[in-house]
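K.L.:
The structure under discussion is supplied below as structure tokens; questions concerning it will follow.
The values are calculated or read from the model by the stated rules, or taken from the named source; none is laboratory data. None of the values given here were measured: they were computed from a predicted structure. Virtual Cβ from ideal backbone geometry, glycine too; neighbours counted across all protein chains shown.
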Amino acid sequence: MDSVPSASSALSETSSDQDLFAAIQLGQVTALDLLYERYGRLVYSVALRVINDAQEAEDITQDTFLRLWQRSEIYQPHRGSLYCFLIMLARARAIDRLRSRQSHFRNIQQWQLSYEQAATLPSPLESATLKERSHHLREALKQLSKAEREVIETAYYGGLSQSEIARQTGLPLGTVKSRSRQALKKLRTALKSVL
């Protein structure tokens, strides 16, 4: 079993992971530096692979080592190597950051959608104007004969062309055209004062 290095023990690049971890528990910054030199690139590459952002991968790398420094009890040597623990910690931190980013992005999208929907809603004045126009249009439509109203409503609300209306109703195309023309003329006259 490795002996625990004292504050006066000399740590080097050849010190084992267990010696470095024991020195970290004793508060020796040199041990953290050596551990960072040994596994920093590996931890960074794991974080980068998950998060796909160099700056965030650097942050996660520093956070991983800082977490080990501040809370060394999170690593339990009997459960596996320090090397594997650092990789798993970095991966978990990167996944957390990715989830947080995705959640933040979803919140922004929902806010933006709500904003766009609110922006497309008519103002109270526009809403009142639309209601008034709608009322006048309904009143003008009531002045048309049933045949004229059916042609206009089928064309505008049903989206059918005059030839499609003729086919659907069995009326001659000329009759559909003349009813449409007559209905539009009456509507124009009825709505002249409103529009």
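K.L.:
crowded, with 17+ Cβ neighbours inside 10 Å and assigned to a loop (DSSP other than H, G, I, E, B) - does that describe any residue in segment 75-91?
P.N.:
Residues of segment 75-91 that are crowded, with 17+ Cβ neighbours inside 10 Å, as a first pass: 75, 82, 85-87, 89-91.
From what's left, assigned to a loop (DSSP other than H, G, I, E, B): 75.
Yes - at least one qualifying residue is present in segment 75-91.
K.L.:
For segment 159-168, what are the residues that are buried (at least 16 other Cβ atoms within 10 Å of the Cβ) and modelled with pLDDT of 85 or more?
P.N.:
Residues of segment 159-168 that are buried (at least 16 other Cβ atoms within 10 Å of the Cβ), as a first pass: 160, 162, 165-166.
Correct list: 162, 165, 166.
K.L.:
Taking segment 78-136 as the search range and keeping residues that are among the aliphatic types (A, V, I, L, M) and at pLDDT below 80, which one is nearest to residue 18 (Cα to Cα)?
P.N.:
Within segment 78-136, the subset among the aliphatic types (A, V, I, L, M) is 82, 86-90, 92, 94-95, 98, 108, 113, 118-119, 121, 125, 128, 130.
Remaining after also requiring at pLDDT below 80: 108, 113, 118-119, 121, 125, 128, 130.
Working: 108: 45, 113: 53, 118: 60, 119: 61, 121: 65, 125: 74, 128: 77, 130: 77 Å.
So the residue we want is 108.
K.L.:
Hey, does segment 36-58 have a residue that's surrounded by 11 or more Cβ atoms within 10 Å (Cβ to Cβ), at pLDDT below 90 and among the charged types (D, E, K, R)?
P.N.:
Yes.
K.L.:
Quick check, is residue 185 surrounded by 15 or more Cβ atoms within 10 Å (Cβ to Cβ) and either in a helix (DSSP H, G or I) or not assigned by TED's automatic domain parsing to the domain that holds residue 129 (or both)?
P.N.:
Considered against the rule, which asks whether it is surrounded by 15 or more Cβ atoms within 10 Å (Cβ to Cβ) and either in a helix (DSSP H, G or I) or not assigned by TED's automatic domain parsing to the domain that holds residue 129 (or both), residue 185 comes out as no.
K.L.:
Search segment 31-50 for residues that are assigned by TED's automatic domain parsing to the domain that holds residue 65 and closer than 17 Å to residue 70 by Cα and pair each with any residue that is among the charged types (D, E, K, R) and not in a helix (DSSP H, G or I) when their beta-carbon atoms are under 8 Å apart and the residues are at least 6 apart or on different chains.
P.N.:
34/13
K.L.:
Do you know which residues across segment 146-195 are over 25 Å from residue 132 (Cβ atoms), in contact (Cβ under 8 Å) with a residue 24 or more places away in the chain and of a type in the set (Val, Ile, Thr)?
P.N.:
Of everything in segment 146-195, those that are over 25 Å from residue 132 (Cβ atoms), in contact (Cβ under 8 Å) with a residue 24 or more places away in the chain and of a type in the set (Val, Ile, Thr) turn out to be 151, 176.
K.L.:
Here is a further query. Report whether or not residue 154 is loosely packed, with under 14 Cβ neighbours inside 10 Å, assigned to a helix (DSSP H, G or I), among the polar types (S, T, N, Q) and at pLDDT below 85.
P.N.:
So residue 154 does not fit the description; no.
K.L.:
Next question, about the same structure. How many of the residues making up segment 10-63 are assigned to a loop (DSSP other than H, G, I, E, B) and in contact with a Pro (Cβ under 7 Å, 6 or more places away or on another chain)?
P.N.:
Qualifying residue count, segment 10-63: 1.
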